[in-house]
1. What FRET efficiency comes out for the pair Asp319/Asn403, r = Cβ-Cβ distance, R0 = 22 Å, nearest 0.05?
2. Would you work out which of Phe234, Gln344, Asn153 lies farthest towards the positive end of the dipole of the chain, given +1 charges on the beta-carbon of Lys and Arg and -1 on that of Asp and Glu, about the Cα centre?
3. Report the extension gain between Thr262 and Glu132 in nm, rounded to one decimal, defined as 0.36 nm multiplied by the number of residues separating them, less their alpha carbon distance.
4. For segment 11-98, which GluC sites (Glu not before Pro) are both in a DSSP coil and crowded by at most 15 other Cβ atoms within 10 Å?
5. Based on the Cβ-Cβ distance from Asn423 to Val233, what FRET efficiency comes out when R0 is 60 Å, to the nearest 0.05?
6. At 7 Å along the Cα-to-beta-carbon direction for both Lys389 and Asp37, put a label point, then send me their distance in nm to one decimal.
7. Report the trypsin sites (Lys or Arg not before Pro) located in segment 186-219 that are in a DSSP loop and have at most 14 other Cβ atoms inside 10 Å of their Cβ, or state none.
8. Take every DSSP beta bridge whose two residues both sit in the chain, then give the antiparallel share in percent to the nearest 5.
Amino acid sequence: MKATFISKEDGKARFTMEFTGEELETATVKAYQHNKDKFNVDGFRKGKAPRSIIERRYGEDIFLEDAINYVFNDNYPKAVEDLDLEIINRPAVEFSQIKKGEDFTATVTVEIYPEIEVKDYAGVEIDKLTAEVTDEDIDEDIKMTQKRNARMNNVDRPVKDGDTVILDYKGSVDGEEFEGGSAEEYPLVIGSDSFIPGFEDQLVDAEKEKETEVKVKFPEDYHAKDLAGKEAVFKCLIHEIKEEELPELDDEFAKDVSEFDTFAEYRQSVADQLLKTKESHVQTQMKDKALEKVYEANDINVPDVMVEDEISNMMQEFDQQLRMQGMDLQKYCQYLNKEMKDFQEELKDDAFKRVKTRMLVAAVADAENIEVTEAEVDEQIDAMAKQYKMEPEKIRESLGIDNISFIEKDLKMKKAVDYIFENAVINE
């Protein structure tokens, strides 16, 4: 195969791929080997008929289409590499007349990554942000740890706000039970607002093993349209009432939840960690501001196909998040009474911004000849190995060459962002 440029302009490349008759014949043999089991030929067991017999019966071009696909697909990546192209979509291909055993040509048109000349990326002005940790921040963090280590004690008294109850309930509308309106031994935190407004309030002062009737009205925008705005009655029976017992905030608490012997030391460690987290967050905010300045200073051509691919990626990511919550994107759109195409349109501006930002950062990396060393890639893989408790070599094997290349690109982008930030003018 020989690849030759025809043109390269306006974000598109055209080139030819010339194939010999011998290459086509090799691909035809491959097509025969792959497809021979599909043919029934009298006198031969299935898959054992010679190629010449099959071609005589079904036509000499029976394997030609698959052979063309094989010879093109096997050589297309090499053509792209030989011509040093960074493609961003599938190719449009036109073939010359093709006959068995003869040379032929494929003319390829493909969109390529545009050449970008990024400007004004060094010396952008941003305001300095500072990280502060207040006593309230520290108290709130410790309170969350305290609640995570709380004990739940069964109590023999009426329900209070904040209790956790184990209950059976059965709901009805106009005397008819409805789907999803009943449960047994359901754990509910009173005051969590996880049920219909007013439901939990009416369980306060309820007693164990005594039926309590709760009357509520479904919100007008309730997701189940057949229940929206309707009044419902729930018959509830509470089996257990649990009260939260918080541990004392003392030295013993510090020993239980940390490596420190005193509460004072533990509190200081919480303050230090909160400050470290906030400083990291503030630095990220400042980097984002610097990127925003570069984004605003550069007007570049962003290919539509890259924006469309980004929208597709964003939708897949969101769908995966929804599936972890027992939903999917299609149900989500139905719930919001929204067409999928409308959802895609809403993502367009954000997708455009993401793509343009990545293109600009990549252009900065190229302009400054930013490189990633093998040691930096190894460090990243070691961190992944530690996170997943695996050997680094196992991580490399599972990632493969393509994903390791992705790690290199990601590190390169991060270094380019750091370059922009480190060369920014920070106003105090």
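1. Details: r = 21 Å, r/R0 = 0.97.
E between Asp319 and Asn403, to the nearest 0.05, is 0.55.
2. Farthest towards the positive end: Gln344.
3. 44.4 nm
4. Glu60, Glu86
5. Working: r = 67 Å, r/R0 = 1.12.
Plugging the Cβ-Cβ distance into 1/(1 + (r/R0)^6) gives 0.35.
6. 4.1
7. Of the trypsin sites (Lys or Arg not before Pro), the ones in loops of segment 186-219 whose Cβ has at most 14 other Cβ atoms within 10 Å are Lys210.
8. Rounded to the nearest five, the antiparallel share is 95 percent.
The values are calculated or read from the model by the stated rules, or taken from the named source; none is laboratory data. Predicted, not measured: the structure shown is a model, and the values here were computed from it. Heads up, the Cβs are rebuilt from the backbone with ideal geometry, glycines too, and the neighbour counts pull from every protein chain shown. Note: accessible area is taken over every heavy atom of the protein model, side chains too, but ligands, DNA and RNA are not part of it. Shrake-Rupley method; radii C 1.70, N 1.55, O 1.52, S 1.80 Å.
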